[in-house]
1. Taking residue 212, is it modelled with pLDDT of 95 or more, surrounded by 19 or more Cβ atoms within 10 Å (Cβ to Cβ) and more than 13 Å from the chain's Cα centre (by Cα)?
2. Could you tell me whether residue 50 is crowded, with 19+ Cβ neighbours inside 10 Å, among the polar types (S, T, N, Q) and within 12 Å of the chain's Cα centre (by Cα)?
3. With the requirement that a residue be in contact (Cβ under 8 Å) with a residue 60 or more places away in the chain and among the polar types (S, T, N, Q), what does the range 33-43 give you?
4. Restricting the search to the range 201-215, which residues are touching a His at 6+ places or on another chain (Cβ under 9 Å) and either touching a residue at least 12 places away in the same chain (Cβ under 8 Å) or of a type in the set (S, T, N, Q) (or both)?
5. Provide a single number: the residues in the range 217-251 that are of a type outside the set (Ser, Thr, Tyr), surrounded by 11 or more Cβ atoms within 10 Å (Cβ to Cβ) and under 19 Å from residue 46 (Cα atoms).
6. Residue under question is residue 196, and the condition is that it be under 12 Å from residue 52 (Cα atoms), under 14 Å from the mean Cα position of the chain (by Cα) and of a type in the set (S, T, N, Q); does it hold?
7. Scan the range 45-52 and tell me whether some residue there is over 19 Å from residue 208 (Cβ atoms) and either free of Cβ contacts under 8 Å to residues at least 60 places away in the same chain or β-branched (Val, Ile, Thr) (or both).
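The values are calculated or read from the model by the stated rules, or taken from the named source; none is laboratory data. Values in this document were obtained by computation on a predicted structure and should not be read as measured data. Please note: Cβ atoms are built from the backbone with ideal geometry, for glycine as well, and neighbour counts cover all protein chains shown.
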Amino acid sequence: MPAKPSQLDALPYLREISLLREQVPNFDEYPFSLPAVRSLHRLTFHPHVTFLVGENGTGKSTLLEAIAQLLRFNAEGGSRNVRFATRDTHSDLHNHLKMVCSFKMPTDGYFLRAESFYNVASYIDEVEVEGSYGGKSLHAQSHGESFLALLTQRFRGNGIYLLDEPEAALSPSRQLSAMAVIHQLVQADSQFIIATHSPILLAYPQAKIVLLDEDGLHETAYEDTDHYRVTRDFLTQRERMLKVLLEEEAE
């Protein structure tokens, strides 16, 4: 197990981002019309793990994609060395953001987005760098196996890692495995920014959780997230909730 980071090691690579509001062309147009972007002034990040949570359409993936582009990652995912594009559908939000980094420089980094990971895997096969992913083509593995191969074989520590809905291909038990790997990488002086719907991943200790909703961005506690409360209520009151839901559906 890697040694616990010192106070110096615990400095984040990425301290904060801010929206250059005076440069925004129109707050009524996408992506600036998204509530999370419209209300964005300054967003600070935890040295280890920051989660972005919220309903679909609140701007989690758009914001994470912009951060990735600020950090010079490919917009569809991959490391800084990955360069391909299948569709030019990315927003220009990154052109209107300013980032503040610490004096520390990461030696590794990656942007994982679940929706385009297939395209990244195809690119890796084409340039024959699968050795960095455990020596086996990601397409020769299940979706969940390839995600875990990425975490365990490609992520080397001392890095900044952006993950967009990593739970998409992972069973609950594999999400627990992913959390354990994330913790090992945190102990190896890594910083994570993760957009997720997973109440399992969100339980990572001492993480900063930022809620994106119609009112903007707010730091929140794990127990106050809908992800935790809805899951808890369903598991503890399953029959009652199913009865209410199915009766409403029948009406």
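1. yes
2. Answer is yes for this residue.
3. First, pick out the residues of the range 33-43 that are in contact (Cβ under 8 Å) with a residue 60 or more places away in the chain: 35-36, 38-40, 43.
Within the range 33-43, 39 is the sole residue that qualifies.
4. Hits for the range 201-215 are 202, 204, 206, 207, 208, 210, 211, 212.
5. Matching residues across the range 217-251 total 4.
6. Working: under 12 Å from residue 52 (Cα atoms): yes; under 14 Å from the mean Cα position of the chain (by Cα): yes; of a type in the set (S, T, N, Q): yes.
Here the answer is yes, as residue 196 does meet what is asked.
7. No: zero hits.
Residues are listed down the side, and each one gets a yes or a no for (1) at pLDDT 95 or above; (2) assigned to a loop (DSSP other than H, G, I, E, B); (3) not charged (D, E, K, R):
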| position | (1), (2), (3) |
| --- | --- |
| 4 | no, yes, no |
| 7 | no, yes, yes |
| 12 | no, yes, yes |
| 47 | yes, yes, yes |
| 58 | no, yes, yes |
